[in-house]
1. So which of 146, 98, 76 ends up being hydrophobic (A, V, I, L, M, F, W, C), closer than 19 Å to residue 179 by Cβ, in contact with a helix residue (DSSP H, G or I) (Cβ under 6 Å, 6 or more places away or on another chain) and modelled with pLDDT of 90 or more?
2. Answer yes or no as to whether residue 143 is open to solvent by 30 Å² or more (accessible area, probe 1.4 Å), touching a residue at least 12 places away in the same chain (Cβ under 8 Å) and either more than 25 Å from residue 27 (Cβ to Cβ) or among the hydrophobic types (A, V, I, L, M, F, W, C) (or both).
3. Inspect all residues belonging to the stretch 78-89 and state whether any of them is closer than 14 Å to residue 175 by Cα and either open to solvent by 70 Å² or more (accessible area, probe 1.4 Å) or assigned to a loop (DSSP other than H, G, I, E, B) (or both).
4. If you take the residues of the stretch 162-191 that are among the β-branched types (Val, Ile, Thr) and touching a residue at least 12 places away in the same chain (Cβ under 8 Å), which of them is farthest from residue 88 (Cα to Cα)?
5. Out of the residues in the stretch 99-131 that are surrounded by fewer than 14 Cβ atoms within 10 Å (Cβ to Cβ) and among the hydrophobic types (A, V, I, L, M, F, W, C), which is nearest to residue 42 (Cα to Cα)?
6. Among the residues of the stretch 158-194 satisfying the criterion of being small (Gly, Ala, Ser) and open to solvent by 40 Å² or more (accessible area, probe 1.4 Å), which is farthest from residue 77 (Cα to Cα)?
Amino acid sequence: MTVDPNAATQSFPGSGPDHRRPGAARYLVPAVVAAVVAVGLGAYGKVHDPQGTAFNIAGFSSTSAVKSWLATVAFAFALVQIVSAFMVYGKLRGPSWAPALHRWSGRIAFLVAVPVAVHCLYALGYQTYSTRVMWHSFLGCFFFGAFSAKMLLLRAERLPGRLLPLVGGLAFAVLTLLWLTSALWFFRTVGVTT
């Protein structure tokens, strides 16, 4: 029997890691990290003795006003994220720099959301004294868990095509609910103040 070294070998099963079926750990690790982040933030917020204030910025009337405006800025950049994601996935026409816009708007949204989360956890803690506050506390912890999962999934190879947009859409939906239960509530209750 002679072997042709130039013969195609597609019919033979592969032996390298590229030919293996993706393992469940690829999905399990981001899910576990998301749960740990969400539960960890909630547990810290629940056992931490709220300090009443975490920061204030000159020119604002209260820490709640600072938090509301920062949350609004984060939400605005999240809207840019959604529109640019549609451009990246070809659902909307967009400029060639849409992927960069998507990445940078996400980074800015996250960086602006972090002080809001720090204020919520440190100054207020995980509260349940009203339905709105209970949902806001829960969703805040859930958002950072979902965001952690999305960041881990970004680096995973051969994901199902709709998984990343699904997790990103979930993070956006939760951020929208967070904004509705905090900043919009503040602006409607107290007024649009600085």
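1. 146
2. Values: open to solvent by 30 Å² or more (accessible area, probe 1.4 Å): no; touching a residue at least 12 places away in the same chain (Cβ under 8 Å): yes; either more than 25 Å from residue 27 (Cβ to Cβ) or among the hydrophobic types (A, V, I, L, M, F, W, C) (or both): yes.
Against the criterion (open to solvent by 30 Å² or more (accessible area, probe 1.4 Å), touching a residue at least 12 places away in the same chain (Cβ under 8 Å) and either more than 25 Å from residue 27 (Cβ to Cβ) or among the hydrophobic types (A, V, I, L, M, F, W, C) (or both)), residue 143 does not qualify.
3. In the first step, residues of the stretch 78-89 are kept if they are closer than 14 Å to residue 175 by Cα; the result is 78-82.
Okay, now just the ones that are also either open to solvent by 70 Å² or more (accessible area, probe 1.4 Å) or assigned to a loop (DSSP other than H, G, I, E, B) (or both), so 79.
Yes; the residues of the stretch 78-89 include at least one that is closer than 14 Å to residue 175 by Cα and either open to solvent by 70 Å² or more (accessible area, probe 1.4 Å) or assigned to a loop (DSSP other than H, G, I, E, B) (or both).
4. 190
5. For the stretch 99-131, the residue satisfying everything is 118.
6. Within the stretch 158-194, the first condition is being small (Gly, Ala, Ser), and the residues that meet it are 161, 168-169, 171, 173, 182-183, 191.
Narrowing further to those that are open to solvent by 40 Å² or more (accessible area, probe 1.4 Å): 161, 173.
On the way: 161: 24, 173: 13 Å.
This residue is 161.
The values are calculated or read from the model by the stated rules, or taken from the named source; none is laboratory data. Every value quoted in this text rests on a predicted model; they were computed, and no experiment measured them. Virtual Cβ from ideal backbone geometry, glycine too; neighbours counted across all protein chains shown. Ligands, DNA and RNA are excluded from the accessible area calculation, which covers all protein heavy atoms including side chains. Shrake-Rupley method; radii C 1.70, N 1.55, O 1.52, S 1.80 Å.
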